[in-house]
Structure formats: structure tokens, C-alpha cells
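The values are calculated or read from the model by the stated rules, or taken from the named source; none is laboratory data. The structure presented is a predicted model; accordingly, all values stated were derived computationally and were not measured. Reconstructed Cβ throughout: ideal geometry from the backbone, glycine too, with neighbour counts over all protein chains shown.
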Amino acid sequence: MPFKVAIVGRPNVGKSTLFNRLVGKKLALVDDTPGVTRDRREGEAHLGDLTFTVVDTAGLEEASTESLEGRMRRQTDAAIAEADVCLLLMDARAGVTPLDKRFAQILRKSPTPVVLVANKCEGGAGESGRMEAFELGLGAPIPLSAEHGEGLSALYQSLQPYADRIEEEEREQAVEDALDEAEGADGRFDPEAPYEPDLEAPLRIAVVGRPNVGKSTLVNYLLGEDRMLTGPEAGITRDAIGIEWTWRGRRVKLWDTAGMRRRARVTQKLEKLSVADTLRAIRFAEVVAITLDASIPFERQDLHIADLVEQEGRGMLIVVNKWDVVEDTQAKLRELKEELERLLPQVRGMPIVTLSALTGRGTDKLMPAIEKVHTLWNARISTAKLNRWLEEAISRHPPPAVKGRAINIKYMAQVKSRPPTFAVFSNRAEEVPTAYRRYLVNGLRETFDIPGVPIRLFMRARK
Ligand code: GDP
Ligand code: GDP
């Protein structure tokens, strides 16, 4: 959905001329004679690399018996209501008129952002009128000449942040919708029913990691390099948020981080941008591939990413790229596993896939590993099995007495998957120590073999 820009302002300031300039066709009828009847028009506008819908609110001056101000008010309100940004045009040669002030007043009260444009400024003309326009209280007016095409780059600069913000909002919404849909899949959760993958819905994945670990190289490899270069073709589709293809008959959708970065040109600090980027990717994905460079050990940023994935409750695995540069692969793998256990105890036993995106060696292990994590993330454990296990876990390690009184744990059940979520019922739920809850989570993970997936466990009161 392109964003929408409405051109508003009193008659004769040059709204239609600007509309024509942006749409690039003589769509709007421009006439010197006041009182030409025109309809409201919409067109596809191009300005630099921006594409948006532009609405020209000019016209209708003589089309009704209503007062001029009444008609303009109605039009402006309608335009404001549907536009993402309003361009308020004034005629710099004529200076500020009472009608301009009226428009400014209406626009200042509306939540829609406004860009003030002083038109008819070709060759530096209209300087004093442009200065007057500051008093409209809408910031610095952009000098423009719609007729001569001057000042368009300044107009571009003022619209571009809105384009980015709106695109961002839409993407955010698309992610929300995708997530809602996924959550909805758990609406009728039944731990007794075996997990059947929904082959209609794409498996959503994201490849995240520090800069330079080889994410783009890996994605290119996954998609087939030549296909990436030649752009979308049969089998691969792209939309606002991702790239989709079919792997072994199963739809897969990959969050398009590179695409996001291309699109988000906003002047943000690079570091800030990448954290926000990563979080969005994680929120989109069901399974996150945290990618490392084999020649560089774990860093704080990697742990931070893993923490984010855990908090968001997504499935995850570690991809160790550039395995081609490792000499003693056995020793390296052992070292990585030890580090992982030590640094990320909350997601014990996370799967590790070693590969080289550059040579392609080992890349065939990635998708099967992702699919496996996805299945675990969707895991369902029957109530009977859970309680058999719980009984054993309690007898091996009873919960400690708190303030001299025994904590009695009664039973448990899985209440949700994606990620697996359990409720444990106890007479004194709020007093069960965190360490004991952790003991239960670790036991569940080990017994039911669910590595690489966050496990949620809630205590619930029950007499
Ligand atoms: P609207 O009623 O706001 O849509 O205004 P129009 O686009 O119909 O323009 C009104 C008049 O202003 C026409 O005669 C245009 O040729 C003229 N006009 C529009 N833009 C410019 C400009 O940048 N410079 C000058 N000098 N005249 C312009
Ligand atoms: P990104 O920033 O994570 O997307 O990283 P890139 O995909 O741009 O890769 C960064 C650098 O690492 C590039 O010079 C790649 O050629 C190189 N690279 C990527 N994968 C491998 C690999 O498997 N082995 C080696 N030796 N280099 C790699």
C-alpha cells in the first residue's frame, strides 16, 4: 500500500499544477479562469524513488451553492481524514491571505502531519511571501515552483521520512497479523492431539546475527545464488516482509533483513537500527537461526540476541558459519558446545549446525534442523505422560518447605504450544522458588527432548 499525500490549500495556489507535476501526466485540468469545475482526483505520484498516491483537492469551486469556506472545509476534512501527510500550498507571490490562515488553523488541529509549501517561487521569486508563511505556525515553508519544477528535491526530503515511517507501520502491522494468525492456531489447543504441521501456512524463519558473520551469503545460498541475482522468478516470491519458497513440498518464508535495510534509509544510528531490525525479525519468525562466525567466539551481542529470542518465545538454533576456515573441527565443536551450555543455560542443548555458506558445505543440514526445531516448538505432551514424569521429579527432589510449611505440588498440564507452555498446580503456587521452577523446566526439556525451544512454566494455585 503506497502512502497517501493530499494537496490542500485555497484556490489558485497551484495545487493542480503540482498534482500534474507529481503524476507526470496532464491528468488534472489546469485553467487560468477561476471557477473551473473539477472533480477530486487521485493519481500515482513519483518523486525520486518515492511512489505515493496523491490527491488533488482542488476544484468544485462553482459546483455548489455552499459557501466557499464551507466547501473547502469539507474537502479539507475529507482529505485530512484519508491522507498520511498533507501538503498545504500557499502562493508566495500573493503572500498569506485570510483563507491560508484558515487552512493552517484547521490543519494545525488535525493529527495528520503537514508539510507547508510556498509555491510560485521560481528563480527565487516570492521571497517576502515565503517569509510571511512562517506565521502560519507550520514550520519552515518549502520554496517550490510547481510550474517550473523547482524545489522538488526539498519536497522529496520532507516527504521521505513519512514514507519510511508509514512503510514501517505497515510492515509492523503485517507482522502483527502474521503473529495473530499463528497464535490463533493454538486456539483449540489439545495436548492429547498429536502435532500435525499445517502445510498450508509457511514456516517462518529468520537468519540473524552480528554483521559480517555471513548472513547474506547464507541466504543467497539457500535461495540459489543465480535466482537471487535474477530476482523473483518461479518458485520464489517476495512481499513487504519476506521471501517465500518451497522446500520439500513445504512453504517456507524467510524474513528479508537485507530488504528491510535497503528500505529503511532513515537517518538512524546504525547500531540502533540493527537491534530494532533483529527484534522485528525475531518477532516475525517461528524459528530463528542465530548465526556465528566460526573464527570469532561468542560475543555479548550473540547472547543478547539469544536472550531476545528466548523472551519472544521462538524456537532457535545456532548456525556456525565459515566452518571452512576451522582447522580442528572436533575440538572447535566441543569448545562451542561447552561455551553454549555455560553462557545460555536457559536454552540447554540448543542445536548447532556447522556449515560454510561460501562453499555450500553443510548447508543441506540447515533446513532439516530448522524443521526439527519447529516441530519441537509445536510439541504437545499428553497430560498422563506429564504427570507420570512430575511424580517422579517430585519424589527425586521434593519442593523445599517455605517458612516451615510444605509446598504441595498436585499436577500439571500443557496449556499451549509455540512455545510449549505448562501450568503446574500447587497449594502455594506463589511460594514455589524460582530455582525449583528451573529444576522442573530443565527436567522437562531433558525428559521430553525439547532442545532449542524456550519452555514456559507457570504455577497455579489449587487447594
Ligand atoms: P489550484 O486552483 O490551486 O489547483 O491552482 P492551479 O494549479 O490551477 O494554478 C493556478 C494558477 O497558478 C495557474 O495559472 C498556474 O499556471 C499558476 N501556477 C501554478 N504553479 C505555479 C508556479 O510555480 N509558478 C507560477 N508563476 N505560477 C504557477
Ligand atoms: P552479513 O553481514 O552477515 O550478511 O555477512 P556477509 O554475507 O556479507 O559476509 C561477510 C563476509 O564473510 C563476506 O566477505 C563473505 O564472503 C564472507 N563469508 C560468508 N560466508 C563465509 C564462509 O562460509 N566462509 C568464509 N571463509 N567466508 C564467508
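I'm told Glu327 meets every condition in (1) part of a helix (DSSP H, G or I); (2) surrounded by fewer than 18 Cβ atoms within 10 Å (Cβ to Cβ) except one. Can you identify the failing condition by its number? For Glu327, the failing item is (1).
If you check Leu18, Leu60 for being surrounded by 13 or more Cβ atoms within 10 Å (Cβ to Cβ), within 12 Å of ligand 1 (Cβ to nearest atom) and modelled with pLDDT under 70, only one passes: Leu60. What number of residues within region 312-342 are under 29 Å from the mean Cα position of the chain (by Cα) and within 21 Å of Lys215 (Cβ to Cβ)? Of the residues in region 312-342, 11 are under 29 Å from the mean Cα position of the chain (by Cα) and within 21 Å of Lys215 (Cβ to Cβ).
Here is a yes/no grid of residues against (1) within 16 Å of ligand 2 (Cβ to nearest atom); (2) charged (D, E, K, R); (3) at pLDDT below 90:
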| position | (1), (2), (3) |
| --- | --- |
| Val287 | no, no, no |
| Ile290 | yes, no, no |
| Ala294 | yes, no, no |
| Lys337 | no, yes, no |
| Ala379 | no, no, no |
| Leu386 | no, no, no |
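Scanning region 428-451 for residues that are under 21 Å from Arg462 (Cα atoms) and either touching a helix residue (DSSP H, G or I) at 6+ places or on another chain (Cβ under 8 Å) or surrounded by fewer than 15 Cβ atoms within 10 Å (Cβ to Cβ) (or both) yields a total of 7.
For (1) surrounded by 15 or more Cβ atoms within 10 Å (Cβ to Cβ); (2) at pLDDT 85 or above; (3) hydroxyl-bearing (Ser, Thr, Tyr); (4) under 17 Å from Val287 (Cα atoms), each residue gets a yes or a no:
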position: Glu176; (1), (2), (3), (4): no, no, no, yes
position: Asp180; (1), (2), (3), (4): no, no, no, yes
position: Gly184; (1), (2), (3), (4): no, no, no, no
position: Pro194; (1), (2), (3), (4): no, no, no, no
position: Pro202; (1), (2), (3), (4): yes, yes, no, yes
position: Gly214; (1), (2), (3), (4): yes, yes, no, no
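Would you check which residues across region 99-124 are in contact (Cβ under 8 Å) with a residue 60 or more places away in the chain and of a type in the set (Asp, Glu) and list them? Within region 99-124, just Asp100 meets the criteria. None of Gly149, Gly95, Gly137 is small (Gly, Ala, Ser), away from ligand 1 (no atom under 16 Å from the Cβ) and at positive phi except Gly137.
Summed over region 86-98, residues that are in contact with a strand residue (DSSP E or B) (Cβ under 8 Å, 6 or more places away or on another chain) and either free of Cβ contacts under 8 Å to residues at least 60 places away in the same chain or under 12 Å from Leu138 (Cβ atoms) (or both) total 7. Scanning region 99-133 for residues that are of a type outside the set (A, V, I, L, M), more than 15 Å from ligand 1 (Cβ to nearest atom) and in contact with a strand residue (DSSP E or B) (Cβ under 9 Å, 6 or more places away or on another chain) yields a count of 5. Residues in region 67-78: is at least one assigned to a loop (DSSP other than H, G, I, E, B) and modelled with pLDDT under 95? The answer is yes, given that some residue of region 67-78 is assigned to a loop (DSSP other than H, G, I, E, B) and modelled with pLDDT under 95.
Listed by position, the helices (runs of 4 or more DSSP H) contained in region 363-463 that have at least 3 residues being under 30 Å from Tyr221 (Cα atoms) and touching a residue at least 24 places away in the same chain (Cβ under 8 Å) are 366-377.
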